[in-house]
Amino acid sequence: MLNADLISLICGELESGTSRALHHGYRTRDDVDCRKGLLSLALTSKAFSEPALNVLWRKISSVEPLLSVLPDIMILDGKKTILEQITPSSWDRLHYYARKVREFEEQDSSNVHESVYALLGQSKPIFPNLVELRPGLQISTNSLIFFLTSSISNVSIPWPIRMPSNTHDLGPSLALLASKNPGLKYLSISSVAVSGISFSLRCFRNLRTLVLGRLPQYEPDYVQILASLDDLTSLTLTLPRDDIFQYGSIQNGFPSLERLSIAGFTLNLRGFLKVVSSSILQDLSLRWEEPPALFADAFSVTNTLGRFSSLQELIIENATSVLVDDFDRRSDYWALFMPLLQLNQLRSLTYSSPLVLTDELTAKIALSWPHIVNLYFTAAQWLEVPPVSSLAHFVRGCQNLRALRCPIRVDVSTGTAPPEPTLFMHPLRSFHCSKHDDVLDPACLALALHQLFPGLRSVTGDGDGWDEVEAILKTYHFLLIQDRRFD
């Protein structure tokens, strides 16, 4: 006979598929089969019943399954509701299942009448052991109180996060959440109106992760309150265009912030970054809502980044217009980028603005980031592009590099001397050429890349011919493996 721990492990292996089965948009047949399999185990084997039910009820997307355990459910205005008094035995049965729920992510409650929430939560929270709560707009606005319990540590209101709505004010709901669950660890607030948000946020003293959408209205002390959350390690937010925040009054702000994803306009991006602790931040995603009209504006932001000495991951998007129509401004593009070379602890960089990339400047980049693992230059257009041989600088200077996206000239042809072979197995495994050019001689280009990066197998580009280059590289890789076997 299987012991209880082994049975729980078997049921746990089916948990991810069982959870995905709740998502009608992207569930697979296998996910549905996982859920059906657990249900069969719960019904046919006494040993499997409790562990299987624990997994089946761990995550639900509506309170409708709870209604299925009650004998007298009525239909009112096309929705399920409770019109008769619930008997003590029915309450016991309902609470037995409700205690198993740890995650409530509302997907579709269109079949449930709104009055049901008040009835189910009249004496205690609907799910007393709930840990993660992601209700839709209706529950977030009118019925949140019936779901709040002291065990909750993770809340997203409303769900899904990207659902825009300026017709509802979630201020009262957030205030209620702050009073009931001040020890919350994770909070996500979508792009909805939230009156009194600053007052409510100051109550979450243990908050570690905070995701904030674009709000219709901001309060002057909004950033000041965020900066005072001592335990906050991860923050995502969008800032408005207007200059309304009190940056000057912030001292020693964000003492624990390690990950920051911020979008906005130059004035507030610059002001916000200046009050973030420079020695703690490790991951930064920086995005302009609109490209700055002047290079000086973008530079005033990127020039502040050199102070973040511990930064390991950096994403910069929309700092300039996608279109490059002034070759004479190439020094401005490089000046915008140059402060990033001070960040010698970088492991990953994604940069979407165009650059002048000569062989000499490529060498400077490679020498600046000895620890880089992922390097992505993603601009659609380029001012100047280096030859394939310039990739040798990454061989020498970036010996941890595994993925590279950058522009190179692909005009390698017969008669062009290939680069000197690399005498060690450089870790680069993925390369993408971000300049739109067709490869005219795939064999010569593949040889050049193989000479530089013997382990390279995956190559793509924005022009034609890269499939052939990759096929040849895989052949080189196969022959290299065979040579090693014979050795």
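The values are calculated or read from the model by the stated rules, or taken from the named source; none is laboratory data. Computed from a predicted structure; not experimentally measured. Methodologically, a virtual Cβ is constructed for each residue, glycine included, from the backbone with ideal geometry; neighbour enumeration extends over all protein chains shown.
The table for this structure:
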quantity: Subset of the stretch 187-209 that is surrounded by fewer than 21 Cβ atoms within 10 Å (Cβ to Cβ) and in contact with a strand residue (DSSP E or B) (Cβ under 9 Å, 6 or more places away or on another chain) - its residue that is modelled with the lowest pLDDT; calculated: SER191
quantity: Wholly within the stretch 386-487, strands (runs of 3 or more DSSP E) carrying at least 1 residues that are among the basic types (Lys, Arg), at pLDDT 90 or above and closer than 26 Å to SER352 by Cα; calculated: 403-406
quantity: One residue from LEU215, LEU226, LEU237 being closer than 21 Å to LEU286 by Cα, part of a strand (DSSP E or B) and touching a helix residue (DSSP H, G or I) at 6+ places or on another chain (Cβ under 8 Å); calculated: LEU237
quantity: Residue selected from the stretch 455-470 under the condition touching a Pro at 6+ places or on another chain (Cβ under 8 Å) and surrounded by fewer than 19 Cβ atoms within 10 Å (Cβ to Cβ), by the criterion farthest from VAL412 (Cα to Cα); calculated: GLY455
quantity: Selection status of ARG307, within 15 Å of CYS398 (Cβ to Cβ) and at pLDDT 85 or above; calculated: no
quantity: Condition met for GLY271 (surrounded by 20 or more Cβ atoms within 10 Å (Cβ to Cβ), touching a residue at least 12 places away in the same chain (Cβ under 8 Å) and within 21 Å of LEU340 (Cβ to Cβ)); calculated: yes
quantity: Residue in the stretch 147-165 that is aliphatic (A, V, I, L, M), closer than 22 Å to GLY253 by Cβ and outside any strand (DSSP E or B) present; calculated: no
quantity: Selection from the stretch 138-150 of residues that are closer than 16 Å to LEU170 by Cβ and either β-branched (Val, Ile, Thr) or within 22 Å of the chain's Cα centre (by Cα) (or both); calculated: ILE139, THR141, ILE145
quantity: Residue match in the stretch 197-206 (condition: over 25 Å from the mean Cα position of the chain (by Cα), without any contact (Cβ under 8 Å) to a residue 24 or more places away in the chain and in a helix (DSSP H, G or I)); calculated: no
quantity: Matching residues, the stretch 298-308, being surrounded by 18 or more Cβ atoms within 10 Å (Cβ to Cβ) and assigned to a helix (DSSP H, G or I); calculated: ALA298, PHE299, VAL301, THR302, LEU305
quantity: Output for the stretch 83-114, where each listed residue is assigned to a loop (DSSP other than H, G, I, E, B), of a type outside the set (D, E, K, R) and either within 25 Å of PRO51 (Cβ to Cβ) or over 40 Å from the mean Cα position of the chain (by Cα) (or both); calculated: LEU83, GLN85, ILE86, THR87, VAL101, GLN107
quantity: Which numbered condition LEU184 misses (of (1) closer than 23 Å to PRO240 by Cα; (2) aliphatic (A, V, I, L, M); (3) surrounded by 18 or more Cβ atoms within 10 Å (Cβ to Cβ); (4) at pLDDT 90 or above); calculated: (1)
quantity: For LYS100: the one exception among (1) in contact (Cβ under 8 Å) with a residue 40 or more places away in the chain; (2) surrounded by fewer than 12 Cβ atoms within 10 Å (Cβ to Cβ); calculated: (2)
